[in-house]
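J.: First the structure, then my questions, so here it is.
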Number of protein chains: 2
Amino acid sequence: MIVSIIGLGLIGGSLALDLKERGFASHIIGVDRSVEHETIALEMGIVDEIKDLQTAVELAQLVVLATPVNAVIQLLPKILHYADEATVVTDMGSTKYQMIHEVAEHPKRKQFVASHPMAGTEHSGPKAAFHGLFDHKVAIICDQEGSDESAIALVREMYNALNMRLIYMEAMAHDLHAAYVSHISHISSFVLANTVLAKEKSETAIFNLASGGFDSTVRLAKSSPKMWSQIFEQNSTHVIEVMDTYIEQLQLWRKLIAENKFAELETEMRKANTIRRVLDTPHVERVNTTYKEA
Amino acid sequence: MIVSIIGLGLIGGSLALDLKERGFASHIIGVDRSVEHETIALEMGIVDEIKDLQTAVELAQLVVLATPVNAVIQLLPKILHYADEATVVTDMGSTKYQMIHEVAEHPKRKQFVASHPMAGTEHSGPKAAFHGLFDHKVAIICDQEGSDESAIALVREMYNALNMRLIYMEAMAHDLHAAYVSHISHISSFVLANTVLAKEKSETAIFNLASGGFDSTVRLAKSSPKMWSQIFEQNSTHVIEVMDTYIEQLQLWRKLIAENKFAELETEMRKANTIRRVLDTPHVERVNTTYKEA
């Protein structure tokens, strides 16, 4: 099968590597806004050839959009327009509601499957791509009743080739859950980095002391600004709701510390410890519960 | 040399393992408030024998306090009292100013070296102990002018055996830097866990979506409540100062998102990206700058 991948960064690049190696794709066509990324992807053997968007869509049986989410919204109507009626289009964006809303009335809406593989690192660009990024993680398909069954089947097959477990959600529920479980983590990490950079005048001190837990909590602060500002933009209502809860909780902690209420603070910390239940469950077990929620 | 370790958790246990294996200690005596921990440490071969506090101090050439910081403050005067005049006492606590202040007038103050190895994991107890925890990380000695040179020399030798790089700081500067680089990371992680647990009603959703960055930012939320509430208590002034900056920065981000100022948000994120400079420098390079600051 010919697969065209639009956006040759960490996600698109890693996808290309696995789909080719595992025999799902016989030929991979790449498209990127950046000629430099296109050249790197070709030279690294991530894609077989580079084409313009229209040709890439016309030649493919499956088109995967792996760009930042604002670009998905811009490109999706155009791609559906170019697509042959047998061509399936999917995307890998971290927000889902707005893009689905934008193509709701498109005559080829049913050829589009909105999906989100929950995988990534803090690195970006084609050089960050690697084999196995998606293995044993979860992919979400949203509002599947809006897509043809045959289109869903093909996308499901693709995620099977990536060793991902599929779950189904409504787009709005997806965006809310993602705000709690992924987007706020990135905000807390970005803001933590800026807090330290703003006030900790001694860079040597940061260097020397970073092993005290800082490394892991601030890792996501290295993530792509372009990609994440678009996610926060498209999911702003939920992101603000979660931020308000987060700030409220921080203010509670500040108050307990300022008022020397350390027994109560310990109670809050023991509550936080219960997150262990979630984190210490291996991914394989985690995904053994299929669910669908509104 | 006989080394007595008071507190047989992750830190004390890992210390015992390496000091014995590397020949720094010929015999290790363990003391813990919990008989269960003492039994486990003995059965696992982490320590050679268990004694009461007084005997353990009397028999040792070096006594290492590896308890939570409130216990350090309680035990330190007693341990110095029991100590022979040739015995050196050090501690591994994450805050330094208050404990040094408490023993400032103690007749045996000069036998005490206040230190802080910047190493740890989110796990606790003797079963969490492992070889190599301290390797290639940084240890800090505070207010070294308060200690005998021979005492400093012995503690330096111990940290050399642990493959740690030593730096020297005033206690107050240590506590401020630690608040920025370590303590706030733990708070942000604990609070993030509680934010998600409070509002994300679907535990299955957390399970399934946790690979989207949540795992790493919330890892420290598994840390010991007893240990960390004492750190926040003893470092409350600095911790509150850092929390205020963190909350202020979060409010700025909330405002930029709510007001659709995503270009400005991207600027903030690019600022955060510069933390890369610090994080991507290997530990070995990081510590090649000796420094001492007020």
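J.: Return the percentage of antiparallel bridges among DSSP beta bridges fully within the protein assembly as shown, rounded to the nearest 5 %. Spell out each step's value before the answer.
T.: Numbers: 8 of 56 bridges.
Roughly 15 percent of the beta bridges in the protein assembly as shown run antiparallel, per DSSP.
J.: Moving on to the next point. Starting from 0.36 nm per residue, how many nanometres of slack lie between residue A:127 and residue A:280 once their C-alpha separation is accounted for?
T.: Values: separation 153, 0.36 × 153 = 55.08 nm, distance 3.09 nm.
Contour length minus Cα-Cα distance gives 52.0 nm.
J.: Along each principal axis of its Cα atoms, how long is region B:174-285 end to end? Whole angstroms, biggest number first, please.
T.: So the extents along the principal axes, rounded to whole Å, are 40, 35, 31.
J.: Could you pull out every residue, at least 5 positions away or on a different chain, whose amide H is within less than 5 Å of the one on residue A:112? Hs are placed 1.01 Å off N in the peptide plane, and Pro or chain starts have none.
T.: Those lying under 5 Å, H to H, from residue A:112 are A:89, A:148.
J.: For chain A, give the magnitude of the charge dipole about the Cα centre (Cβ charges: +1 Lys/Arg, -1 Asp/Glu; no others), in debye to the nearest 20. Could the numbers behind the result be given before it?
T.: Numbers: 27 positive and 38 negative charges, 158 e Å.
So the magnitude is around 760 debye.
J.: Using all Cα-Cα distances in region B:1-155, what percent lands in each 10 angstrom bin from 0 up to the longest?
T.: Reading upward from the zero bin: 12, 46, 36, 6.
J.: Then there is this: Averaging over every viewing direction, what projected area does the convex hull of the Cα atoms of the protein assembly as shown cover, in nm²? It would help to have the intermediate numbers written out before the result.
T.: On the way: hull surface 106.4 nm².
Value for the protein assembly as shown: 26.6 nm².
J.: While we're on this one: Taking the Cα atoms of region A:86-150 alone, what are Rg (to one decimal) and Dmax (as a whole number) in Å?
T.: That works out to 13.7, 37 Å for Rg and Dmax.
J.: Any idea what the relative contact order of region B:174-285 is, in percent, if you count C-alpha pairs under 8 Å spaced at least 6 apart?
T.: Details: 38 pairs, mean separation 37.5, N = 112.
Relative contact order for region B:174-285 comes out at 33 percent.
J.: While we're on this one: P(r) for region A:28-75: what percent of alpha-carbon pairs falls in each 5 Å bin, starting at zero?
T.: Answer for region A:28-75: a P(r) of 5, 22, 29, 27, 16, 2 percent.
J.: Here is a follow-up. Helix B:262-273 versus the longest principal axis of chain B: what is the Cα-based angle in degrees, 0 to 90, to the nearest 10?
T.: The answer is roughly 20 degrees.
J.: Next question, about the same structure. Taking residue B:52 in one copy and the same position in all the others, each labelled 7 Å out along Cα→Cβ, what are the pairwise distances from the first, in nm, shortest first?
T.: Copy-to-copy label distances for residue B:52: 9.0 nm.
J.: Oh, and also: Could you check which residue among A:54, A:111, A:251 shows the biggest mean-square fluctuation in a GNM of chain A with a 10 Å Cα cutoff?
T.: Among A:54, A:111, A:251, the largest mean-square fluctuation in the Gaussian network model of chain A belongs to A:251.
J.: With the label 7 angstrom out along Cα to Cβ, how close does residue A:2 come to the same site in each of the other copies, in nm, nearest first?
T.: Between copies, matching label points for residue A:2 lie 8.2 nm apart.
J.: Compute for region A:1-84: radius of gyration divided by Kirkwood radius, i.e. Rg/Rh, restricted to C-alpha atoms, rounded to two decimals.
T.: Details: Rg = 11.5 Å, Rh = 12.4 Å.
Using only Cα positions, Rg/Rh for region A:1-84 is 0.93.
J.: D for chain B, whole µm²/s, Stokes-Einstein with Kirkwood Rh over alpha-carbon pairs at 4 °C and 1.567 mPa s: what number? Mind showing how you got there, number by number?
T.: Values: Rh = 20.6 Å.
D = 63 µm²/s.
J.: List the aspartates and glutamates whose Cα sits under 20 Å from the Cα of residue B:96, skipping any in the same chain fewer than 8 residues away.
T.: A:200, B:105, B:143, B:145, B:148, B:149, B:170, B:175, B:233, B:241, B:293
J.: Taking the label point 7 Å from Cα in the Cβ direction, how far apart in nm is residue A:130 from each other copy of itself, listed shortest first?
T.: With the label placed 7 Å along Cα→Cβ, residue A:130 yields 1.8 nm.
J.: Cα-Cα over 32 Å: which of A:78/A:226; B:137/B:199; B:20/B:226; B:222/B:261?
T.: Values: A:78/A:226 22 Å; B:137/B:199 37 Å; B:20/B:226 28 Å; B:222/B:261 35 Å.
Those over the limit are B:137/B:199; B:222/B:261.
J.: Also: How large is the helix-only mean residue ellipticity at 222 nm for chain B, computed as the sum of -39500 (n - 2.57) over DSSP H runs with n ≥ 4, divided by its residue count, in deg cm²/dmol to the nearest 500? Could the numbers behind the result be given before it?
T.: Working: 15 runs with 150 residues, N = 294.
Calculated from helices alone, the mean residue ellipticity at 222 nm is -15000 deg cm²/dmol.
J.: If you don't mind, another one. Cα centroids of region A:33-89 and region B:7-31: how far apart, whole angstrom?
T.: 58 Å
Computed from the coordinates by the stated procedures, all read-outs in this text should not be read as laboratory data. Everything numeric in this text was worked out from a predicted model, so none of it was measured. Glycine gets a Cβ as well: all are built from the backbone with ideal geometry, and neighbour counts include every protein chain shown.
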